[in-house]
1. Considering (1) away from the ligand (no atom under 16 Å from the Cβ); (2) under 21 Å from the mean Cα position of the chain (by Cα), say which one Val175 fails and leave the rest.
2. May I ask you to list the residues in the stretch 89-112 that are under 14 Å from Leu9 (Cα atoms), at pLDDT 95 or above and part of a loop (DSSP other than H, G, I, E, B)?
3. Which residue out of Asp307, Asp283 is more than 25 Å from Arg251 (Cβ to Cβ), outside the structural domain of Lys405 (by TED's automatic domain parsing), without any contact (Cβ under 8 Å) to a residue 12 or more places away in the chain and surrounded by fewer than 19 Cβ atoms within 10 Å (Cβ to Cβ)?
4. So which residues in the stretch 199-215 are more than 9 Å from the ligand (Cβ to nearest atom), in a helix (DSSP H, G or I) and under 28 Å from Ser278 (Cβ atoms), if there are any at all?
5. Only one residue in Phe301, Phe312 is in the same structural domain as Tyr205 (by TED's automatic domain parsing), within 11 Å of the ligand (Cβ to nearest atom) and aromatic (Phe, Trp, Tyr). Which one?
6. Being in contact with a Lys or Arg (Cβ under 8 Å, 6 or more places away or on another chain) and either of a type in the set (Val, Ile, Thr) or under 13 Å from Ile361 (Cβ atoms) (or both) is the filter here; which residues of the stretch 373-395 pass it?
7. Can you name every residue in the stretch 399-431 that is buried (at least 21 other Cβ atoms within 10 Å of the Cβ), aliphatic (A, V, I, L, M) and within 15 Å of Ile186 (Cβ to Cβ)?
8. Looking at the stretch 26-46, which of the residues that are assigned to a loop (DSSP other than H, G, I, E, B) and within 8 Å of the ligand (Cβ to nearest atom) is nearest to Leu152 (Cα to Cα)?
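The values are calculated or read from the model by the stated rules, or taken from the named source; none is laboratory data. Quick caveat: nothing in here was measured; it's all calculated off a predicted structure. Positions of Cβ are generated from backbone atoms using ideal geometry, with glycine treated the same way; all protein chains shown enter the neighbour counts.
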Amino acid sequence: MPEEEYDALVIGAGVAGMEAAIDLGDMGFKVMLVEKEPTIGGKMLLLSKVFPTLDCASCISGTKTSTVSHHQNIRLLTYSNVDEIEKSKSGFRARIIEKPRYVDASLCTSCGDCEDACPIIVPNEFDFGLRGRKAIYIPFDTAVPKSAVLDLDNCIYCMQCERTCPADAIDFLQVPKVHTVNVKAIILAVGFKLFQAEKKKDYRYGEYRNVVNSMQMERIVSPTRPYNAVVRPSDGKEPQNIGYVLCTGSRDKTVGNPRCSQVCCMYSMKQAQLIMGSLPAADITLYYMDIRAYGKGFEEFYRQSRDMGVKFVRGKVAKVEQKVNTDLTVYYEDTEGSGGMKKADHDLLVLSVGLLPNTDIVKAFNGIKVELDEVGWIKVRDEGKSSVLTSADGVFAAGCTTGPKDIPDSVLEAGAAASQCAAYIIKKMGSPIEQ
Ligand SMILES: Cc1cc2nc3c(=O)[nH]c(=O)nc-3n(C[C@H](O)[C@H](O)[C@H](O)COP(=O)(O)OP(=O)(O)OC[C@H]3O[C@@H](n4cnc5c(N)ncnc54)[C@H](O)[C@@H]3O)c2cc1C
């Protein structure tokens with residue numbers, strides 16, 4: 001394929017990457033936005049509502065996903081990986097591999113007939129395995145782009161989808177496409193990974209079905225939830241006594257993450273308030289080390305949670321045991337009150353998992369050193385000067401790429417990265433590519 005020219009390459013189309021791409025595009029810069037998943041939006045698309053305002057998450061992110069997909073200055077590549085980035089005369093040359101969807105997205109009408117015909121069911125990533133999806137699937141209702149994708153690893157080649165598709169969009173002969181792009185600057189917006197709760201062995205995540213992580217709980221309380229009501233996974237019963245273990249995998253040297261994940265206190269309180277809306281009689285207990293409610297309106301949100309009846313227990317959860325009826329007993333060290341080891345019963349336990357670095361992208365840089373900090377996040381060159389400058393000239397960072405952040409801070413930083421990227425392009429190379 002011929003080489004393509006853009007002003008900037010934005011890697012990652014979560015809320016930060018989308019914001020940075022839109023800001024640059026609005027300034028007249030040509031942007032290539034690359035997302036490794038089949039759809040854009042990142043973690044925000046999975047959320048129900050956002051703290052502290054309880055605004056609908058997809059109402060906010062929906063305007064961004066739609067702007068990105070229609071913007072005349074943004075070329076969007078989904079289901080694509082940046083394979084190699086090297087220095088070039090104009091700045092950087094990147095090699096991007098676009099994976100085959102085995103569906104012609106320009107023909108797919110997202111009618112869902114292929115999904116209905118497919119006999120294979122595997123866990124659905126969007127709902128964190130709480131329900132299934134087919135081997136050929138449209139990732140979720142508000143997906144952008146809204147096109148089916150065939151997961152060949154789970155396909156049994158029964159050809160039912162091909163026979164059923166009214167648009168003739170199924171194409172088993174698709175192969176990966178290689179794009180070579182020349183850009184003047186790069187913005188890394190690769191976000192974060194969730195702490196894998198299985199690593200806290202005593203909490204029995206993955207073993208006891210009523211121990212879920214906080215992203216699964218986001219899905220359970222969301223209007224687009226996997227079940228018809230707020231119910232627990234083991235038996236579909238409405239939970240009446242829910243426990244939250246804050247700092248699961250954060251501020252914990254035993255799992256290699258000494259840092260605070262910044263959003264866990266707030267999102268746990270948010271979920272507690274949302275659950276109370278659906279299950280007014282439910283008791284909710286948050287086991288915490290310290291409550292960190294540092295942002296605008298956060299302290300008020302914390303007080304509101306207390307006033308609503310959420311119970312806050314300062315204590316460290318040591319282990320969890322399951323009863324015959326799949327209810328759970330939590331053993332914890334009381335670090336306030338009378339002290340010592342205590343136990344409490346719950347019928348659902350939510351692990352408020354921490355945010356971890358997702359920085360494999362640095363391996364794609366060939367001969368360019370993009371440094372990581374001691375925990376593995378992209379290192380900021382000089383915190384005092386700017387939070388979006390990396391150690392490499394012309395490479396900027398936004399959102400959770402450099403550390404855990406909430407959505408407003410991720411968006412704010414994306415704006416800063418776009419401005420500094422624009423200034424860099426203009427200073428080093430002259431004006432944006434002629435329109
Ligand atoms: C359970 C939970 C609840 C939360 N609730 C709230 C809330 O109520 N309010 C709030 O303000 N914040 C909340 N947050 C935090 C919020 O999710 C983050 O602030 C936000 O998602 C950060 O956006 P981002 O774009 O930086 O990262 P992400 O959302 O992680 O997006 C990164 C994107 O980059 C893509 N990507 C990664 N690597 C590559 C690569 N190599 N190539 C191409 N693409 C790549 C990913 O697929 C993804 O689409 C919550 C977090 C959790 C875990």
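1. Looking at each condition in turn, Val175 falls short on (2).
2. Hit for the stretch 89-112 is Gly91, nothing else.
3. Residue meeting the stated conditions: Asp307.
4. Tyr203
5. None of the others qualify; the one that does is Phe301.
6. Within the stretch 373-395, Val375, Thr390, Ala392 qualify.
7. Ala414, Ala417, Ala418, Ile425
8. Looking at the filtered set, the residue picked out is Glu37.
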